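Structure first, then comments.
The values are calculated or read from the model by the stated rules, or taken from the named source; none is laboratory data. Model, not experiment: these values are computed from the prediction. Neighbour counts are summed over all protein chains in view; Cβ atoms, including those assigned to glycine, are modelled from backbone coordinates with ideal geometry.
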Amino acid sequence: MTTNKQRLIVQKYGGTSVGSPERIREVAKRVARYRNRGDSIVVVLSAMSGETNKLVALINELNPHGSSREKDVVLSTGEQVTIGLLSLALEALDCPAKSYTGTQARLMTDSAFCKARISKIDGSKIQADINAGKVVVVAGFQGVDSEGNITTLGRGGSDTTAVALAVALGADECQIYTDVDGVYTTDPRMVPEAKHIPKLALEEMLEMASQGSKVLQIRAVEFAHKYNMPIRVLSSFDDGDDGKSTLVTREEDIMEEVLVRGVAFNKDEAQLTITGVPDQPGVAFKILGDISSANIEIDMIVQNIATAHNGTDGTTDFTFTVHRNDYDQAMKILNNTGEKLGAKNVSGDDKIAKVSIIGGGMRSHAGVATDMFKALADENINIHMISTSEIKVSVVVDEKYLELAVRSLHEAFDLDKA
Ligand code: ADP
Ligand code: ASP
Ligand code: MG
């Protein structure tokens, strides 16, 4: 495809796409091909596959409870290797390239180490390199805070670097190259019958990502949604540039509205319950505020309504879910809060999982939730918690039923049919 107008494209390559010298050479060839036909290219890279996990393991071996600032110093190193290697590979193809770490790229974040949020990008240096005809190669997943500390953006954060850079530079498209050729009706690794989705609304992708489809990091989709940046998901393993892909774009640009677009799941969750707390104004704020102050994100929340069991003594119960990594810390905090409030009991379960169905068509159709509960009941799967939004229904189930739940929902909503 050639266009008259010079396009600016941000291409992000994930860990498996740069997992070996051969793969990096393939990426270099693709980047050079795009550049040579006149596009301006900014590349964002992840660390080589498995590298960040290795760094996490090293940290855990030495001091898992150590300071998050130092963890980020370690975690950010994987991406520095790949940006240098790709730039060298591009040079070898006579394609001028220049690498930037997050700090060098002036990708500013807050100071929430290990899960920092991007606040500002000064793209002027990068823009000057683009204008000079260079391919700019930026380390994903990392930034710098106002004190000059290295920060990282949370696992999968290179997607967010790519979209944020695309927005800051006013790119025409943000391409996310990975090991699948697009977004599927559910994770094709779990359900081989999953179907490819050629076009998807940003709103739907937002729900899919937030419910656990890790093909795109949630914050990347939030950015794209806020600034209306189209994302294209493609495979770096396809030869040529005419393979399948998924375009994630504004809802107006999607022709057909589908009742259920896909099934997402998340096994990284844990559930905490506090019972017998005073049923008074401010109690939810006290319980959940203590957790949020520790920078722990709360996902689902259920407060029991007054029943014969708990209503008559003026108390109530709360259950909520957090990321499994935050379970121990959240439990400690909740035990403290429980003591202060004179709660009856504090308990938890980290062997749970969340399964969600997502689709824009739910807005105008009732009964989808009922069909979902029936499909799960038919498989004898017990539901612990339910939460709904305009375009999604999520349930918490025992982790051991996760795969069965995903498969039966995928089938019940005919997602395995073309
Ligand atoms: P990268 O290292 O390129 O960032 P990820 O592993 O983060 O790649 O994301 C790609 C993976 O996302 C796929 O290999 C697939 O297993 C998983 N995935 C989960 N849900 C979906 C979905 N609905 N469609 C496509 N891939 C999905
Ligand atoms: N290397 C980081 C990770 O493994 C960031 C990324 O790949 O997006 O989470
Ligand atoms: Mg990823």
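Descriptive notes on the structure:
- The residue of segment 91-122 that is surrounded by the most Cβ atoms within 10 Å (Cβ to Cβ), among those that are closer than 23 Å to Arg30 by Cβ and small (Gly, Ala, Ser), is Ala105.
- Unique match (being farther than 28 Å from Val263 by Cβ and among the hydrophobic types (A, V, I, L, M, F, W, C)) among Met385, Met331: Met331
- Test: residue in segment 308-315 that is in a helix (DSSP H, G or I), surrounded by fewer than 20 Cβ atoms within 10 Å (Cβ to Cβ) and not charged (D, E, K, R): no
Table: residues versus (1) closer than 30 Å to Asp326 by Cα; (2) without any contact (Cβ under 8 Å) to a residue 12 or more places away in the chain; (3) part of a helix (DSSP H, G or I).
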residue: Ala220; (1), (2), (3): yes, no, yes
residue: Met229; (1), (2), (3): no, no, no
residue: Glu252; (1), (2), (3): no, yes, yes
residue: Val260; (1), (2), (3): no, no, no
residue: Thr273; (1), (2), (3): yes, no, no
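- Just so you know, in segment 337-382 the residues that are basic (Lys, Arg) and farther than 14 Å from Val406 by Cα include one that is surrounded by the most Cβ atoms within 10 Å (Cβ to Cβ), and it is Lys344.
- Every pair of residues 6+ apart whose Cβ atoms lie under 7 Å, when the first sits in segment 49-77 and is within 21 Å of Asn149 (Cβ to Cβ) while the second is more than 15 Å from ligand 2 (Cβ to nearest atom) and outside any helix (DSSP H, G or I): Arg69/Asn149
- Residue in segment 32-44 that is surrounded by fewer than 23 Cβ atoms within 10 Å (Cβ to Cβ) and among the aromatic types (Phe, Trp, Tyr) present: yes
- Test: residue in segment 222-239 that is basic (Lys, Arg), modelled with pLDDT of 95 or more and either touching a Cys at 6+ places or on another chain (Cβ under 9 Å) or more than 26 Å from Val368 (Cα to Cα) (or both): yes
- If you go through segment 383-407 and pick out every residue that is small (Gly, Ala, Ser) and either buried (at least 20 other Cβ atoms within 10 Å of the Cβ) or part of a loop (DSSP other than H, G, I, E, B) (or both), you end up with 2.
- Output for segment 67-92, where each listed residue is more than 11 Å from ligand 2 (Cβ to nearest atom) and in contact with a helix residue (DSSP H, G or I) (Cβ under 7 Å, 6 or more places away or on another chain): Lys71, Val74, Leu85, Leu86, Ala89, Leu90
- One residue stands out in segment 178-208 among those that are within 16 Å of ligand 2 (Cβ to nearest atom) and either β-branched (Val, Ile, Thr) or modelled with pLDDT under 95 (or both): the one that is nearest to the chain's Cα centre (by Cα), namely Thr178.
- Selected residue (criterion: farthest from ligand 1 (Cβ to nearest atom)) from residues of segment 187-219 that are under 17 Å from Arg407 (Cβ atoms) and among the acidic types (Asp, Glu): Glu193
- Among the residues of segment 262-271, those that are of a type outside the set (A, V, I, L, M), in a strand (DSSP E or B) and farther than 16 Å from Leu202 by Cα comprise Phe265, Asn266, Glu269, Gln271.
- Flag for Val137 being buried (at least 18 other Cβ atoms within 10 Å of the Cβ), within 16 Å of ligand 3 (Cβ to nearest atom) and more than 30 Å from Gly66 (Cβ to Cβ): no
- Taking residues in segment 181-203 that are free of Cβ contacts under 8 Å to residues at least 40 places away in the same chain, and partners anywhere that are assigned to a loop (DSSP other than H, G, I, E, B) and hydrophobic (A, V, I, L, M, F, W, C), the pairs with Cβ atoms closer than 7 Å and at least 6 places apart or on different chains are Pro188/Val180; Pro188/Ala194.
- The set of residues in segment 231-241 being more than 12 Å from ligand 1 (Cβ to nearest atom) and either among the acidic types (Asp, Glu) or part of a loop (DSSP other than H, G, I, E, B) (or both) consists of Asp238, Asp239, Gly240, Asp241.
- Residue check, Ile386 among the β-branched types (Val, Ile, Thr) and under 16 Å from Thr186 (Cβ atoms): no
- Condition check for Ile291: in contact with a strand residue (DSSP E or B) (Cβ under 8 Å, 6 or more places away or on another chain), surrounded by 17 or more Cβ atoms within 10 Å (Cβ to Cβ) and in contact (Cβ under 8 Å) with a residue 12 or more places away in the chain: yes
- For beta carbons closer than 9 Å, sequence separation of 6+ or different chains, a first residue in segment 137-161 that is more than 16 Å from ligand 1 (Cβ to nearest atom) and among the charged types (D, E, K, R) and a second that is assigned to a strand (DSSP E or B) and modelled with pLDDT of 95 or more, the qualifying pairs are Asp145/Met108; Asp145/Thr109; Asp145/Ser119; Asp145/Thr151.
- Counting only helices (runs of 4 or more DSSP H) that sit wholly inside segment 1-108, those with at least 1 residues that are hydroxyl-bearing (Ser, Thr, Tyr) and within 16 Å of ligand 1 (Cβ to nearest atom) are 51-62, 77-92.
- Taking the criterion of being at pLDDT 95 or above and in a loop (DSSP other than H, G, I, E, B), the residues of segment 352-382 that qualify are Glu379, Asn380, Ile381, Asn382.
- Of the residues screened, Asp94 is one that is of a type in the set (Asp, Glu) and under 26 Å from Asp39 (Cα atoms).
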